[in-house]
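To start, the structure itself, in C-alpha coordinates.
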Amino acid sequence: MPTYDYLCVDCNKRISVHQSYEEYGRITVSCPHCNGTNLQRLINRVRFARSEESRLESFADPSEWGDLDENDPRSMARMMRKMGNELGEEMPGEFDEVVDRLEAGETPQEIEKNIPDLDL
Ligand SMILES: [Zn+2]
(Lines give C-alpha, C1' and ligand atoms only; values in the text may rest on other atoms or scores of the structure.)
Protein backbone atom coordinates (compact mmCIF):
# COMPACT_ATOMS: atom_id res chain seq x y z
CA MET A 1 0.00 0.00 0.00
CA PRO A 2 1.54 3.35 -0.94
CA THR A 3 2.42 5.89 1.69
CA TYR A 4 1.34 9.47 1.22
CA ASP A 5 3.09 12.24 3.10
CA TYR A 6 1.18 15.25 4.27
CA LEU A 7 1.96 18.43 6.12
CA CYS A 8 -0.72 19.42 8.62
CA VAL A 9 -1.26 23.13 8.09
CA ASP A 10 -2.92 23.48 11.47
CA CYS A 11 -0.21 22.05 13.73
CA ASN A 12 2.67 22.09 11.22
CA LYS A 13 3.52 18.42 11.72
CA ARG A 14 4.43 16.03 8.99
CA ILE A 15 2.45 12.81 8.80
CA SER A 16 2.52 9.69 6.65
CA VAL A 17 -0.67 7.94 5.72
CA HIS A 18 -1.06 4.49 4.22
CA GLN A 19 -3.77 4.52 1.62
CA SER A 20 -4.69 2.33 -1.26
CA TYR A 21 -4.94 3.86 -4.71
CA GLU A 22 -8.71 3.55 -4.42
CA GLU A 23 -8.80 5.42 -1.14
CA TYR A 24 -6.50 8.21 -2.22
CA GLY A 25 -8.44 11.37 -2.97
CA ARG A 26 -11.70 9.80 -1.89
CA ILE A 27 -11.48 9.50 1.83
CA THR A 28 -10.66 12.50 3.99
CA VAL A 29 -7.36 12.27 5.80
CA SER A 30 -7.20 13.83 9.22
CA CYS A 31 -4.15 14.73 11.28
CA PRO A 32 -3.44 12.24 14.09
CA HIS A 33 -2.04 15.06 16.22
CA CYS A 34 -4.75 17.70 16.09
CA ASN A 35 -7.49 15.96 14.09
CA GLY A 36 -7.34 18.75 11.53
CA THR A 37 -8.16 18.03 7.92
CA ASN A 38 -6.17 20.93 6.52
CA LEU A 39 -3.45 18.73 5.02
CA GLN A 40 -1.05 19.47 2.21
CA ARG A 41 0.40 16.71 0.07
CA LEU A 42 4.18 16.46 0.18
CA ILE A 43 4.99 14.59 -2.97
CA ASN A 44 7.69 16.64 -4.58
CA ARG A 45 10.04 16.12 -1.65
CA VAL A 46 11.20 12.64 -2.61
CA ARG A 47 10.94 13.07 -6.30
CA PHE A 48 14.02 14.92 -7.40
CA ALA A 49 16.22 14.48 -4.37
CA ARG A 50 16.06 18.11 -3.41
CA SER A 51 15.25 17.12 0.12
CA GLU A 52 17.56 18.04 2.93
CA GLU A 53 16.64 14.95 4.85
CA SER A 54 19.69 12.93 5.77
CA ARG A 55 18.43 9.70 4.21
CA LEU A 56 18.58 11.41 0.85
CA GLU A 57 21.96 12.96 1.32
CA SER A 58 23.80 10.40 -0.74
CA PHE A 59 21.85 11.58 -3.74
CA ALA A 60 23.14 15.11 -3.36
CA ASP A 61 26.29 14.06 -5.16
CA PRO A 62 25.53 14.06 -8.90
CA SER A 63 28.17 11.40 -9.51
CA GLU A 64 25.86 9.00 -7.63
CA TRP A 65 23.29 9.47 -10.35
CA GLY A 66 25.44 8.06 -13.08
CA ASP A 67 24.96 9.57 -16.47
CA LEU A 68 22.07 11.81 -15.53
CA ASP A 69 21.03 14.11 -18.31
CA GLU A 70 18.25 16.38 -17.12
CA ASN A 71 17.16 17.01 -20.68
CA ASP A 72 16.69 13.30 -21.32
CA PRO A 73 13.50 11.97 -19.69
CA ARG A 74 14.76 8.37 -19.90
CA SER A 75 17.94 9.32 -18.14
CA MET A 76 15.92 10.95 -15.37
CA ALA A 77 13.71 7.86 -15.13
CA ARG A 78 16.79 5.68 -14.63
CA MET A 79 18.05 7.94 -11.88
CA MET A 80 14.67 7.98 -10.16
CA ARG A 81 14.38 4.20 -10.26
CA LYS A 82 17.84 3.91 -8.77
CA MET A 83 16.91 6.41 -6.09
CA GLY A 84 13.70 4.53 -5.31
CA ASN A 85 15.56 1.24 -5.06
CA GLU A 86 18.24 2.59 -2.80
CA LEU A 87 15.75 4.20 -0.45
CA GLY A 88 14.23 0.75 -0.08
CA GLU A 89 10.82 2.03 0.74
CA GLU A 90 7.58 2.33 -1.06
CA MET A 91 7.42 5.50 -3.05
CA PRO A 92 4.32 7.70 -3.26
CA GLY A 93 1.63 6.58 -5.67
CA GLU A 94 2.63 9.07 -8.33
CA PHE A 95 6.26 8.05 -8.33
CA ASP A 96 5.87 4.98 -10.50
CA GLU A 97 3.57 6.79 -12.85
CA VAL A 98 6.05 9.62 -13.28
CA VAL A 99 8.93 7.22 -13.90
CA ASP A 100 6.85 5.25 -16.39
CA ARG A 101 6.00 8.43 -18.26
CA LEU A 102 9.60 9.58 -18.27
CA GLU A 103 10.64 6.22 -19.67
CA ALA A 104 8.04 6.64 -22.36
CA GLY A 105 9.83 9.84 -23.31
CA GLU A 106 7.47 12.40 -21.82
CA THR A 107 9.03 15.56 -20.51
CA PRO A 108 8.41 16.65 -16.89
CA GLN A 109 6.38 19.54 -18.31
CA GLU A 110 4.06 17.15 -20.15
CA ILE A 111 3.75 14.95 -17.11
CA GLU A 112 2.90 17.90 -14.95
CA LYS A 113 0.09 18.77 -17.33
CA ASN A 114 -1.26 15.22 -17.22
CA ILE A 115 -1.12 14.80 -13.45
CA PRO A 116 -2.81 17.96 -12.16
CA ASP A 117 -1.97 17.57 -8.47
CA LEU A 118 1.69 17.01 -9.18
CA ASP A 119 4.05 19.71 -8.07
CA LEU A 120 7.29 19.20 -9.96
ZN1 LIG B 1 -2.33 18.59 12.93
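State whether the residues of the stretch 77-91 include one that is more than 26 Å from His18 (Cβ to Cβ), buried (at least 18 other Cβ atoms within 10 Å of the Cβ) and modelled with pLDDT of 75 or more.
yes
Which ones in the stretch 3-41 are outside any loop (DSSP other than H, G, I, E, B), away from the ligand (no atom under 15 Å from the Cβ) and over 17 Å from Glu97 (Cα atoms)?
Passing the criteria: only His18.
So Val99 fits all but one of (1) modelled with pLDDT under 80; (2) touching a helix residue (DSSP H, G or I) at 6+ places or on another chain (Cβ under 7 Å); (3) part of a helix (DSSP H, G or I); (4) surrounded by 18 or more Cβ atoms within 10 Å (Cβ to Cβ); what number is the exception?
Here Val99 meets the rest and fails (1).
The values are calculated or read from the model by the stated rules, or taken from the named source; none is laboratory data. Values in this document were obtained by computation on a predicted structure and should not be read as measured data. A quick note on method: Cβ atoms are made from the backbone with ideal geometry, for glycine too, and the neighbour counts reach across all protein chains shown.
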